[in-house]
Each structure stands twice: as structure tokens, then as C-alpha cells.
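A short worksheet on the structure shown next.
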Amino acid sequence: MTQTLKGLEVSGKIDALSKEVLTDDALAFLTSLQNRFNSARESLLSQRIKRQAEIDRGAKPDFLKETQAIRAANWKVTDAPPDLQDRRVEITGPVEKKMMINALNSGANVFMADFEDSLSPTWENIIQGQVNLKEAVRHQLSFVSPEGKNYKLNDAVATLVVRPRGWHLYENHVKVDGKPMSASLFDFGLYFFHNANELIRRGSGPYFYLPKLESHLEARLWNDVFNFAQDTLKIPRGTVRATVLIETILAAFEMEEILYELKDHAAGLNAGRWDYIFSMIKKFSNQSEFLLPDRAQVTMNVPFMKAYCQLLVKTCHDRGAHAMGGMAAFIPSRKDIEINKVAIAKVHEDKEREAHLGFDGTWVAHPDLVPVAKEVFDKVLGKEPHQKDKQIEKVTVSAAELLNTKIPAAEITDSGLNSNIDVALQYIESWLRGIGAAAIYNLMEDAATAEIARAQLWQWINNKARLNNGQLITLADYRTRRDALLAKLTATAPGRFNEAKEILDGLVENKTFVEFMTIPAYRYLKQ
């Protein structure tokens, strides 16, 4: 343990690598962020608990009466900078060297470097990620594989955008006045401090994706952080640009207000589809009327997802912001051509739906999907960088439509139940080994998929749901299936499945719904 500054303790390993980013000046900057904004963050998190309690008592979310004037007023966000004008294809992935190089070289317009759902937050991963970003900004990032293959950046690369961890997470290896530091402020602060001026010098800027927001007040806090950081480094206000992931049902009711709070820094909104489904389950986990069927049946065409996307596009285009579509998580197979044909056809169909609905761009998880998505958006956008002028005036989305989880002919199947247990176990085990972007059944899965899977297990058991054959879903049935799947998964390699089982059991068998899987699982990480 080392104490570098008054009130600051760093318990993570301090070596040559960490010293590259944990300089005295950087640590002083982090300390100032924590001292200034942590109490407001904690207050907002307590507001989340109060809102959840109201929902548990039967209250339904609605558009805010107190912000009606903002929704009625005529205003626009500040225009996007040149390198964020065309975002037709964005690729995402963790801040891991090889994946970063492949993503930046992929031909995508934007690369979202992720500290959140696709990164297992070991101290080594977090610090190495910051070093990798510093090198990427300076075009110095390179990697040599164990087989001797060299990876380096092309002359032209995707625009870099960074996603810090959410407001609810902590960086336990750094404490200020005895309290763990906000993971959001840690991730944002280190990247901003080391790279903001260099990015500006190179004609770009410090750009961010903001995850898991639940209210416009949480966006306001980010805006305050941006202003303070820019003022501290003597950078003009408005240089930071942020795209907000609308991945919670509560944020969906405050899209306009979120853009308004970030008006000078806003770059757009993104339809974070998987976390949005998870949020829908989580917020209404005790209410049987919100019971969802098999994960695979909750498509973008079901009522509540369709309404959410329509509202997002309309909101963004009314306010001059980019509307970004959701993730295509498929990983093309190097061996099975038939799997590729079917999956790529589905990706193509999904991207066509987004482009024709009015989205200005979309997400993919694998470089081989960049040309697939680009072909679709090229046909719709042509030489235009976006389609913000596509106004969908006739669209009006009500609160009831956002909350309409009725899906015709939907059901919970035996295979759907097994799949949730299987994928949750595999993902958690991978995450414990430090791998947050896990290839499972030809899909690049991140924490959001595991969250949906374990949340549905809890929801089905606690709401006494039945399979389509009439069988009641019980804890005993869960345990029997879990043991059978574990036997198969550990037949060749035990890995850390025993700990994954402990974590999943703690989530599924808890009498109350555990808000985030990553919080109890964080204690299991080897640091």
C-alpha cells in the first residue's frame, strides 16, 4: 500500500506500468474530482434506491411534470465536431491491446474503448487499459502475439471514444479519505488528464460514452464534471463530447432532459438494447405483469423495444443529436459457412431496420461485421454523414407504450431456461479470469447478457412462472439444471466455475433482487 497524496491511498500494484499513468499530477487531479463530486454521486445513488422503492410499491414511471417546459422549448444540442459527424458504423470492445488495434483498424468510423461491460475490472486490466489508450492517442499502440505476429495501427484509424464505468461502481484500489473512489471518475479522470490536450492537438477531442444513467440529474453531474475538468486543464468548455447510452427504462422517460443537461457537450444517444432489457426486468422484478419470455424472443420488434427506439430517434433528431443503434454481437465462424450465412442475414436485417427507422449509425462487436453494417447505412445515407434531417413527426410514444411488455405467442421454454443458466455460468467464469468480452456460442457477450440471464432466472422463480409445458420454475429445478450444466462445463477444464456457481447462486437465490452482478462478483477478482 502506498500513500501518494494527503488523503489518497493506492492499494493496487505500483510498478513501472502503473507509474506511466499514476503520476503525482494525475493522482492530484483524481483526488480533486473525488473530493468535489463524490458526495453528489452518492446522493444520486440514494435517489435510485428511493425510486426503486416507489416502483416496488406499484408506482409506474412517467414523463416528468416538472421538466415539461424543457420538452416544450425550442433548443438544440451543439453541433458535433468534424470527426464525430459520420458515425454510421461504430465498433466496440475492451481496452485490450490486440482488440483495440483490430477495432481501430477495422474501417469503422468510431471505436468505443470500453472500461465497463466488456472489461473485467482487475487492477491490471484497468491500468493496462489506460496505458493502451495513451499509446493509441499518440498512434504508438502495438502488440506482438505469442506466435510472433505483429499488430500495429494503420495510418487512418477510427475516431476514439471511451466508456468509463457507471456511477454505481467503485475502484477499490484507490481510496480518498478512506472511501473507495468512484470508478466513473477514476476512468474518466485518468484518460482525460493524460490525453485531452494531445487529442485536441491532433484535431480530435476527449469523447465519451456514458453508461447506466437513470435520470437527467445524473447527466447534470457528468456535465459538472466535464466543466470542472476542462477548466482545470484550461481547455475550452464544450470540447468534451458525450454520447449517453439509454439503457435503463427510467432514462427512457428523460431522454430530452438528459440531452438538455449535456447540451454543450452532447453528441447523441445510443439504444443500449441489452442493458435496457435487463433494466426492464430489474425495475419490475417483483411484478408479474412485466414477466418476460425467453431471452431470444425479446427482439427489437416487440412493443416496448420498438417504442423505445422510435422515441430515441425522434428525440435525437428533434434536438440535433445523433441517434445510434444497437449492438450486433455475432462473431463470424472461420469454419462454419452456414452459421455465417444465417447470422449475417440477421445482422443485415437488423441494421436495415435501424437505418430505415432513422438511426444515424449502429454498433458491431467484430471487425468482419463492419462492411456488413456499412453497406446497409451507405445505401440509406449515401454521401451524407447522418440523417438528422429525417424527422418522424407523426411518432408519439406514450408511457404505456414504453411499459408494454406484452409479446404475442411468447413463452418460456425448457431450452430458454437452460440457456440462461448456461450463459450466465460461462460468462461469470470468464469474467473472473479477467476476460470481460467472452465468445460464447458465436456471440461476443459482455456483462449485459449475463445480467439478463440471471435476472430472468430470479424473475421467473419469484413470480412463479411456468414453462410452456406447464412445469413450475422453482429453485430446486434451477439447482438440478445448474448441476447438470456445471458437470458438462467442467468436464474438460474446471476453470473458476465453482466460484461462478457461488456468485450465480447468490444472485438467483437471494430473497431480494441484487441490482448488479458485477458488484458482488468484484470481490472474487484476483487483484
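The values are calculated or read from the model by the stated rules, or taken from the named source; none is laboratory data. None of these values were measured; they are calculated from a predicted model. With ideal geometry, Cβ positions are generated from the backbone for all residues, glycine too; neighbour counts draw on all protein chains shown.
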Checklist outcome for this item: So, first residue farther than 19 Å from residue 411 by Cβ and assigned to a helix (DSSP H, G or I) in the stretch 287-312, second residue charged (D, E, K, R) and at pLDDT below 95, Cβ within less than 6 Å, six or more apart or across chains; the pairs are none
Checklist entry - When the residues of the stretch 394-426 are filtered to those that are of a type in the set (S, T, N, Q) and crowded, with 18+ Cβ neighbours inside 10 Å, which remaining residue is nearest to residue 62 (Cα to Cα)? => result 405
Item to check | the stretch 179-203, residues that are touching a His at 6+ places or on another chain (Cβ under 9 Å) and either outside the structural domain of residue 42 (by TED's automatic domain parsing) or charged (D, E, K, R) (or both) | outcome: 202
Checklist entry - What are the pairs, 6+ residues apart or on separate chains, where a residue within the stretch 427-456 that is over 26 Å from residue 336 (Cβ atoms) and assigned by TED's automatic domain parsing to the domain that holds residue 165 has its Cβ under 6 Å from a residue that is of a type in the set (Val, Ile, Thr) and surrounded by 24 or more Cβ atoms within 10 Å (Cβ to Cβ)? => result none
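Report, by residue number, each residue of the stretch 328-341 that is surrounded by fewer than 12 Cβ atoms within 10 Å (Cβ to Cβ) and either aromatic (Phe, Trp, Tyr) or assigned to a helix (DSSP H, G or I) (or both).
Taking the stretch 328-341 as the starting set, the residues that turn out to be surrounded by fewer than 12 Cβ atoms within 10 Å (Cβ to Cβ) are 334-335, 337-338, 341.
Matches in the stretch 328-341: 337, 338, 341.
Being surrounded by fewer than 20 Cβ atoms within 10 Å (Cβ to Cβ) and either part of a helix (DSSP H, G or I) or at pLDDT 95 or above (or both) is the filter here, so list the residues in the stretch 263-286 that pass it.
Going residue by residue through the stretch 263-286, those that are surrounded by fewer than 20 Cβ atoms within 10 Å (Cβ to Cβ) are 263-264, 286.
Once the filter is applied, which keeps residues that are surrounded by fewer than 20 Cβ atoms within 10 Å (Cβ to Cβ) and either part of a helix (DSSP H, G or I) or at pLDDT 95 or above (or both), the stretch 263-286 yields 263, 264.
Looking at the stretch 127-166, which of the residues that are among the basic types (Lys, Arg) and more than 17 Å from residue 201 (Cα to Cα) is farthest from the chain's Cα centre (by Cα)? Steps first, please.
Residues of the stretch 127-166 among the basic types (Lys, Arg): 134, 138, 149, 152, 163, 165.
Checking the rest, the ones that are also more than 17 Å from residue 201 (Cα to Cα) come to 149, 152, 163, 165.
Working: 149: 31, 152: 27, 163: 8, 165: 8 Å.
Result: 149.
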Checklist entry - Give me the pairs: first residue in the stretch 234-250 and under 20 Å from residue 111 (Cβ atoms), second residue at pLDDT below 95, beta-carbon distance under 7 Å, and six or more apart or on different chains, which are they? => result 245/272; 247/272
Checklist entry - Quick one: how many residues across the stretch 469-480 are within 12 Å of residue 421 (Cα to Cα) and surrounded by 18 or more Cβ atoms within 10 Å (Cβ to Cβ)? => result 1
Item to check | Single match in 59, 53, 80, 69 (criterion: within 30 Å of residue 402 (Cβ to Cβ), in a loop (DSSP other than H, G, I, E, B), among the small types (Gly, Ala, Ser) and free of Cβ contacts under 8 Å to residues at least 12 places away in the same chain) | outcome: 59
Checklist entry - Could you say whether any residue in the stretch 372-385 is in a loop (DSSP other than H, G, I, E, B), at negative phi and among the acidic types (Asp, Glu)? => result yes
Checklist outcome for this item: Among the residues of the stretch 415-445, the number that are within 30 Å of residue 289 (Cβ to Cβ) and modelled with pLDDT of 95 or more is 13
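Which of the residues spanning the stretch 432-447 are under 20 Å from residue 519 (Cβ atoms) and part of a loop (DSSP other than H, G, I, E, B)? Don't jump to the end; show me each part of the working.
Start the filter on the stretch 432-447 by keeping residues that are under 20 Å from residue 519 (Cβ atoms), which leaves 432-438, 445-447.
Passing the criteria: 433, 434, 435, 436, 437, 446.
Conditions tested, residue by residue: (1) within 18 Å of the chain's Cα centre (by Cα); (2) of a type in the set (S, T, N, Q); (3) under 30 Å from residue 56 (Cα atoms).
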residue	(1), (2), (3)
432	no, no, no
435	yes, no, no
438	yes, no, no
444	yes, no, no
456	no, yes, yes
492	no, yes, no
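Results for (1) surrounded by 15 or more Cβ atoms within 10 Å (Cβ to Cβ); (2) of a type in the set (A, V, I, L, M, F, W, C); (3) in contact with a Phe, Trp or Tyr (Cβ under 7 Å, 6 or more places away or on another chain); (4) part of a helix (DSSP H, G or I), shown as yes or no for each residue.
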position	(1), (2), (3), (4)
453	yes, yes, no, yes
483	no, no, no, yes
486	yes, yes, yes, yes
491	no, yes, no, no
504	yes, yes, no, yes
516	yes, yes, no, no
Checklist entry - Which residue pairs have Cβ atoms under 7 Å apart, sit 6 or more places apart or on different chains, and have a first residue in the stretch 163-183 that is more than 14 Å from residue 45 (Cα to Cα) and a second that is outside any loop (DSSP other than H, G, I, E, B) and of a type in the set (Ser, Thr, Tyr)? => result 163/209; 164/184; 165/184; 176/31; 180/170; 181/170
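Within the stretch 493-502, which residues are part of a helix (DSSP H, G or I) and without any contact (Cβ under 8 Å) to a residue 60 or more places away in the chain? Before you say what the answer is, go through the steps one by one.
Taking the stretch 493-502 first, the residues part of a helix (DSSP H, G or I) are 497-502.
Selection gives 498, 502.
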Checklist entry - Which condition number in (1) more than 18 Å from residue 273 (Cα to Cα); (2) in contact (Cβ under 8 Å) with a residue 60 or more places away in the chain is the one that residue 322 fails? => result (1)
